[in-house]
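*Asks:* The structure follows.
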Amino acid sequence: MLTGKVALVTGAGKGIGSEIAITLAEYGAKVIVNYAHSQDAAEEIVKKIQDMGKGAVSYGCDISNFAEVEKMMKEVAKEHGSLDILVNNAGITKDNLTMVMKEEEFDAVIETNLKGTFNCMRHAARQMLRQKSGHIISISSVVGLSGNAGQINYSASKAGIIGMTKSLAKELGGKGITVNAVAPGFIDTDMTKVLKDDVKEQMMDMIPLKRFGCTRDIAETVAFLASDKAAYITGQTISVDGGMHI
Ligand code: NAP
């Protein structure tokens, strides 16, 4: 399905990003496994993909740094011949109720989740415009659609990703490039492990399919959007949340 394609997945050393990297590789893409801090974890994912007989390399780059991202996108395109798929997965949380949220907590989440996604979109789009093809998929969240108490920074960043996705889809539609987002519900990763059991129980009550999502649920949707099977889909946000946001 993705044979011959070059895919860059941000924050792919663990969690949802690592599963996306492995899944895209299974479908035939050569994968660039981006990380900011978790180099060892990223190298492990690269090895796992190589052991499957597929192509992968790691690339360290903080996505919130505009110049570093520009360098990464240029080097990837030069070294691997093209950049066909960008998955904006990297993200952080710094939760707090609005009245006590520190300025640094708000800024850090916006810098990584929103600005970081913009940086990657901006620099990858230049390469894709040259190729006149490409797929950009960004990981938003159910919280970007519904809001969530204690996550004013995170929900703003994830709602912003949906807005950027629609805008960029309109800018690039005529150039053979699709731009979409995926909005996961509750997925079992390090990000959600920190939540207390009573919070998890409350969330389960809101999920019609009565289970938390797994990373593969998200990765398969991303792979579909990165393939020609989704050639006529752009500017959309696909919820993968067990019905949490109906
Ligand atoms: P995770 O396990 O905490 O992984 C987050 C990833 O983001 C890590 O690989 C981390 O890499 C990377 N990252 C953070 N800051 C970065 C930066 N400045 N530059 C590059 N990479 C950076 O989280 P996850 O649960 O897999 O979440 C992945 C995405 O899905 C996030 O965007 C998250 O908001 C979204 N999401 C998750 C859920 C859920 O329930 N888990 C639900 C909705 C949406 P380093 O360790 O190298 O920094």
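The values are calculated or read from the model by the stated rules, or taken from the named source; none is laboratory data. All values derive from a computational prediction rather than experimental measurement. Using ideal geometry, Cβ is built from the backbone for each residue, glycine included, and neighbour counts are taken over all protein chains shown. Heads up: the accessible areas ignore ligands, DNA and RNA and are worked out on the full protein's heavy atoms, side chains in. Shrake-Rupley method; radii C 1.70, N 1.55, O 1.52, S 1.80 Å.
*Asks:* Across the stretch 70-91, which residue is farthest from Met164 (Cα to Cα) among those that are within 16 Å of the ligand (Cβ to nearest atom) and charged (D, E, K, R)?
*Replies:* Applying the first criterion (within 16 Å of the ligand (Cβ to nearest atom)) to the stretch 70-91 yields 70-73, 75-76, 86-91.
Cutting the leftovers down to charged (D, E, K, R) gives us 70-71, 75.
Working: Glu70: 18, Lys71: 22, Glu75: 25 Å.
Selected residue: Glu75.
*Asks:* Would you mind finding the one in Lys102, Lys94 that is at pLDDT 95 or above, within 13 Å of the ligand (Cβ to nearest atom) and within 24 Å of Gly147 (Cβ to Cβ)?
*Replies:* Lys94
*Asks:* Filter the stretch 87-101 down to residues that are out of contact with any Ser or Thr (no Cβ under 8 Å at 6 or more places or on another chain) and among the hydrophobic types (A, V, I, L, M, F, W, C) and give me whichever is most open to solvent (accessible area, probe 1.4 Å).
*Replies:* Met99
*Asks:* Check every one of the helices (runs of 4 or more DSSP H) wholly within the stretch 1-117 and list those with 1 or more residues that are among the hydroxyl-bearing types (Ser, Thr, Tyr). Explain how you work it out, then say what you get.
*Replies:* Details: elements: 15-26, 39-51, 66-80, 103-109.
So the answer is 15-26.
*Asks:* Out of the stretch 60-84, which residues are open to solvent by less than 30 Å² (accessible area, probe 1.4 Å), under 26 Å from Ala108 (Cα atoms) and not hydrophobic (A, V, I, L, M, F, W, C)? Lay out the reasoning, then the answer.
*Replies:* First, pick out the residues of the stretch 60-84 that are open to solvent by less than 30 Å² (accessible area, probe 1.4 Å): 61, 63-64, 69, 72-73, 76-77, 82-84.
Keeping just the survivors that are under 26 Å from Ala108 (Cα atoms) gives 61, 63-64, 69, 72-73.
Hit for the stretch 60-84 is Ser64, nothing else.
*Asks:* When you look at Ile162, is it more than 10 Å from the ligand (Cβ to nearest atom) and part of a strand (DSSP E or B), yes or no?
*Replies:* no
*Asks:* Checking the structure you have, find out if any residue of the stretch 142-149 is more than 15 Å from the ligand (Cβ to nearest atom) and open to solvent by 40 Å² or more (accessible area, probe 1.4 Å). Talk me through it step by step, then tell me what you get.
*Replies:* Let us first name the residues in the stretch 142-149 that are more than 15 Å from the ligand (Cβ to nearest atom), namely 149.
Add one more test, that the residue is open to solvent by 40 Å² or more (accessible area, probe 1.4 Å), and what stays is 149.
Among the residues of the stretch 142-149, at least one is more than 15 Å from the ligand (Cβ to nearest atom) and open to solvent by 40 Å² or more (accessible area, probe 1.4 Å), which makes the answer yes.
*Asks:* Another question, if that's okay. Based on what the data block shows, is Glu111 more than 21 Å from Ile218 (Cα to Cα) and without any contact (Cβ under 8 Å) to a residue 12 or more places away in the chain?
*Replies:* no
*Asks:* Go through the stretch 63-85 residue by residue and tally those that are under 30 Å from Val194 (Cβ atoms) and touching a Ser or Thr at 6+ places or on another chain (Cβ under 8 Å).
*Replies:* Residues in the stretch 63-85 being under 30 Å from Val194 (Cβ atoms) and touching a Ser or Thr at 6+ places or on another chain (Cβ under 8 Å): 2 in total.
*Asks:* Mind telling me which of the residues Ala21, Ala41 ends up being of a type in the set (A, V, I, L, M), at negative phi and open to solvent by 10 Å² or more (accessible area, probe 1.4 Å)?
*Replies:* Working: Ala21 fails: open to solvent by 10 Å² or more (accessible area, probe 1.4 Å).
Residue meeting the stated conditions: Ala41.
*Asks:* Also: Which of the residues spanning the stretch 173-223 are in a helix (DSSP H, G or I), in contact with a helix residue (DSSP H, G or I) (Cβ under 7 Å, 6 or more places away or on another chain) and not basic (Lys, Arg)?
*Replies:* If the condition is that a residue be in a helix (DSSP H, G or I), in contact with a helix residue (DSSP H, G or I) (Cβ under 7 Å, 6 or more places away or on another chain) and not basic (Lys, Arg), then Asp190, Met191, Thr215, Ile218, Ala219, Glu220, Val222, Ala223 are the ones that fit.
*Asks:* Another question about this same structure. Check Ala67 against each of (1) out of contact with any His (no Cβ under 8 Å at 6 or more places or on another chain); (2) touching a residue at least 24 places away in the same chain (Cβ under 8 Å); (3) within 15 Å of the ligand (Cβ to nearest atom) and name the one condition it does not meet.
*Replies:* Of the numbered conditions (1) out of contact with any His (no Cβ under 8 Å at 6 or more places or on another chain); (2) touching a residue at least 24 places away in the same chain (Cβ under 8 Å); (3) within 15 Å of the ligand (Cβ to nearest atom), the odd one out for Ala67 is (2).
*Asks:* Just one of Gly55, Gly116 is out of contact with any strand residue (DSSP E or B) (no Cβ under 7 Å at 6 or more places or on another chain) and open to solvent by less than 40 Å² (accessible area, probe 1.4 Å); which is it?
*Replies:* Gly116
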